[in-house]
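Here is the structure we will look at.
The values are calculated or read from the model by the stated rules, or taken from the named source; none is laboratory data. Bear in mind the structure is a predicted one, so any value in this text is a computation, not a measurement. Heads up, the Cβs are rebuilt from the backbone with ideal geometry, glycines too, and the neighbour counts pull from every protein chain shown.
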Amino acid sequence: MAKNIKTRAEDYSQWYLDVIKAAQLADYAPVRGCMVIRPEGFAIWEAMQRDLDRRFKETGHVNAYFPLLIPMSFMTKEAQHVEGFAMECAVVTHHKLEHGAQGLRAAGELEEPYIIRPTSETVIGHMYAQWVQSYRDLPVLINQWANVMRWELRTRLFLRTSEFLWQEGHTAHETEQEAQAETLRMLDVYADFAEQFLALPVVKGPKTDAEKFPGAVTTYAIEALMQDGKALQAGTSHNLGQNFAKAFDIKFLGRDQKQQHVWTTSWGVSTRLIGALIMAHSDDDGLVLPPRVAPNLVAIVPIFKSDEDKAKVAAFIDKIVASLCGEDELAAAKSRLSSGDITRYFFDKVTGQGILVDWRDNRPGDKQFHWEQRGVPFRFEVGPKDVDAGSVVVKRRFDRAKEVVEASKLTPKHLRNELEDVQRLMFEKALAFRDANTQRAASYDELKQQLEKGGFVRAFFQPDREAEAKIKEETKATVRCLPFDAQGKTGKCIYSGKEGAPEVLFAVAY
RNA sequence: CGGGGCGUAGCUCAGCCUGGUAGAGCGCUUCGUUCGGGACGAAGAGGCCGCAGGUUCAAAUCCUGUCGCCCCGACCA
């Protein structure tokens, strides 16, 4: 058992933090509520970015960049938007420092303060108003990769930090139908990404009015279930209607020769997904990464006593690496800068995913724990006995399976197949967990009881701000979404008793 | 913003009540023995005891103030 990680049963919240620490994904920054994303963590974000970016481009979007600072007056233009974000905005009021009695102090007060973007609808809306003149300028399909800041009262690494990284797509369309299609298209992109890339099963559906994005007509979300039975909103796609178009005067001359407002959408996922990944897949031994996300696919742990054995093992490992990564890469890696006696070879130059050989002067057991806690999908153990037998001991991270594999079988194709297997099995495991933790409530009492056990609870419920607030007060649970998979089904509302209520998904959420 | 806790070595913390030479474990460095699931021994490096005042011959310790962080709630991706 890992001695630096609390078990999930003991203290789930501490376990989460311990896993992050042990895998060196992130660290606390000297600024309240902010984190430093360390290389191991950032590599996961890069993997997500790469795959998402491809998906965005495949659906016709392009990237651009808008400024970090937004004139404060922009925030007031859309009424609900102010309501939603005003309380958590960092404000920039001065533009320089000067020497004062107590050291440096802010000086040069700005006439109009800036806020640090909590999201970019406003500044992007402002620009779109200038760019869009005609229906021929539509649709505008822009995404930006950026950081945003929301001055949260309470933070947790990755799940909720004051500053976080995300992407925000902002599109403008000629018609309501197009905007709606775009909103759902991107929700599907997110759902597919979560399931295929993160091995994270999600429930898709619209939010209730009480839970939607400030300024949206409808917010759609993907909701995932974590191992402690809490739900996590993993991505959102908003149909903003003409709310922002009207607030920022984004107008165009239509095919009918009339001025009209555009229809906009926005959609985003953030580094919170790294938190989702951890809480969905990791175990008491530390991080478990789905192969598609893992920066390193295999960690090879050599075992030897004498220098003679070491040479023998090294030669054998070289052969394995050459087979998996190619002779060129084997040679290239030897002349590459590396730190701490760990040699890294690119297995896939496109994704940057690699294979490591851990030559550090530590005991083998030490190294096993080291790579295990970092979630590397496979570990190869190679000692003199293996060299003699022409085989390798292969250890699979996600289920601790161990098998002896003939070295000649270790081809790129074989490894890819193995990785795909793990990817699929991890998804199936997460899906089975979710199914086992999804219940159905026929009454409010049943809902209360079932929420005690955690997990998702499906029930017929007529969304209503007051009722939702009351339920949240009594159970801590909220309506996560109105699942698409139950669309059209209606029944008797568990709260009001009225017929014709849709099926909703309840859960206590992060 | 309410409630709780904590600031002492890179990390986790002891010491504080009862003022008097700055401590432990882990980690780090070097050497040796080791090495198939977290090794052992020896020798080292590492501190403005969060910060500012005060009391005192003397403050990590007592008093005042202040800043920061963490945890639990309310708010939220």
task: Can you tell me which residue within region A:454-493, out of those that are under 13 Å from A:Gln439 (Cβ atoms) and in a loop (DSSP other than H, G, I, E, B), is farthest from RNA strand B (Cβ to nearest atom)?
output: A:Gly455
- line: If you go through A:Glu168, A:Glu121, A:Glu174, the only one that is assigned by TED's automatic domain parsing to the domain that holds A:Phe56, in contact with a helix residue (DSSP H, G or I) (Cβ under 6 Å, 6 or more places away or on another chain), modelled with pLDDT of 90 or more and within 15 Å of RNA strand B (Cβ to nearest atom) is A:Glu121
query: Can we say A:Gln144 is within 16 Å of RNA strand B (Cβ to nearest atom) and under 17 Å from A:Ile70 (Cα atoms)?
result: yes
- line: Among strands (runs of 3 or more DSSP E) entirely within region A:205-263, at least 1 residues that are within 12 Å of RNA strand B (Cβ to nearest atom) occur in A:218-225, A:231-241
query: Does A:Phe304 qualify as being surrounded by 14 or more Cβ atoms within 10 Å (Cβ to Cβ), among the hydrophobic types (A, V, I, L, M, F, W, C) and either on the phi > 0 side of the Ramachandran plot or more than 9 Å from RNA strand B (Cβ to nearest atom) (or both)?
result: no
Lone unmet requirement of (1) over 30 Å from A:Leu25 (Cα atoms); (2) modelled with pLDDT under 95 for A:Ser162: (1)
- prompt: So A:Glu152 clears everything in (1) in the same structural domain as A:Phe193 (by TED's automatic domain parsing); (2) of a type outside the set (S, T, N, Q); (3) at pLDDT 85 or above except one condition, right? Which one?
  reply: (3)
task: Assess whether A:Ala299 counts as being modelled with pLDDT of 95 or more, within 13 Å of RNA strand B (Cβ to nearest atom) and within 12 Å of A:Arg397 (Cα to Cα).
output: yes
task: Would you point out the residue of region A:70-93, among those that are assigned to a strand (DSSP E or B) and either in the same structural domain as A:Asn147 (by TED's automatic domain parsing) or without any contact (Cβ under 8 Å) to a residue 12 or more places away in the chain (or both), that is surrounded by the most Cβ atoms within 10 Å (Cβ to Cβ)?
output: A:Ile70
- request: Scan region A:382-398 for residues that are free of Cβ contacts under 8 Å to residues at least 40 places away in the same chain and more than 8 Å from RNA strand B (Cβ to nearest atom) and report the count.
  value: 5
message: Condition (residue is polar (S, T, N, Q) and under 28 Å from A:Ile116 (Cβ atoms)) applied to region A:39-56: is it met by at least one residue?
response: yes
message: Please verify whether A:Arg136 is in the same structural domain as A:Thr219 (by TED's automatic domain parsing), away from RNA strand B (no atom under 16 Å from the Cβ) and more than 24 Å from A:Ala79 (Cα to Cα), treating the condition exactly as stated.
response: yes
- prompt: Can you name every residue in region A:16-45 that is surrounded by 15 or more Cβ atoms within 10 Å (Cβ to Cβ), away from RNA strand B (no atom under 11 Å from the Cβ) and part of a helix (DSSP H, G or I)?
  reply: A:Val19, A:Glu40, A:Gly41, A:Phe42, A:Ala43, A:Ile44, A:Trp45
- prompt: Mind checking which pairs have a first residue in region A:451-470 that is in contact (Cβ under 8 Å) with a residue 60 or more places away in the chain and on the phi > 0 side of the Ramachandran plot and a second that is part of a strand (DSSP E or B) and surrounded by fewer than 18 Cβ atoms within 10 Å (Cβ to Cβ), Cβ under 9 Å, 6 or more apart or different chains?
  reply: A:Gly455/A:Thr438
query: For the subset of region A:1-12 comprising residues that are in contact with a strand residue (DSSP E or B) (Cβ under 8 Å, 6 or more places away or on another chain) and within 8 Å of RNA strand B (Cβ to nearest atom), which member is farthest from A:Arg156 (Cα to Cα)?
result: A:Ala2
query: Residue check, A:Lys310 against (1) surrounded by fewer than 24 Cβ atoms within 10 Å (Cβ to Cβ); (2) in contact with a helix residue (DSSP H, G or I) (Cβ under 8 Å, 6 or more places away or on another chain), all met but one. Which one?
result: (2)
Residue check for A:Arg434: within 30 Å of A:Asn296 (Cα to Cα) and either surrounded by 19 or more Cβ atoms within 10 Å (Cβ to Cβ) or touching a helix residue (DSSP H, G or I) at 6+ places or on another chain (Cβ under 9 Å) (or both): yes
query: Within region A:298-382, which helices (runs of 4 or more DSSP H) (wholly inside it) include 2 or more residues that are among the aromatic types (Phe, Trp, Tyr)?
result: A:364-373
task: Filter region A:81-118 for residues that are of a type in the set (D, E, K, R) and either closer than 24 Å to A:Gln242 by Cα or at pLDDT below 85 (or both) and give the result.
output: A:Glu83, A:Glu88, A:Lys96, A:Glu98, A:Arg105, A:Arg117
- prompt: Is it true that A:Gly60 is in contact (Cβ under 8 Å) with a residue 40 or more places away in the chain, surrounded by fewer than 18 Cβ atoms within 10 Å (Cβ to Cβ) and over 25 Å from A:Asp284 (Cβ atoms)?
  reply: yes
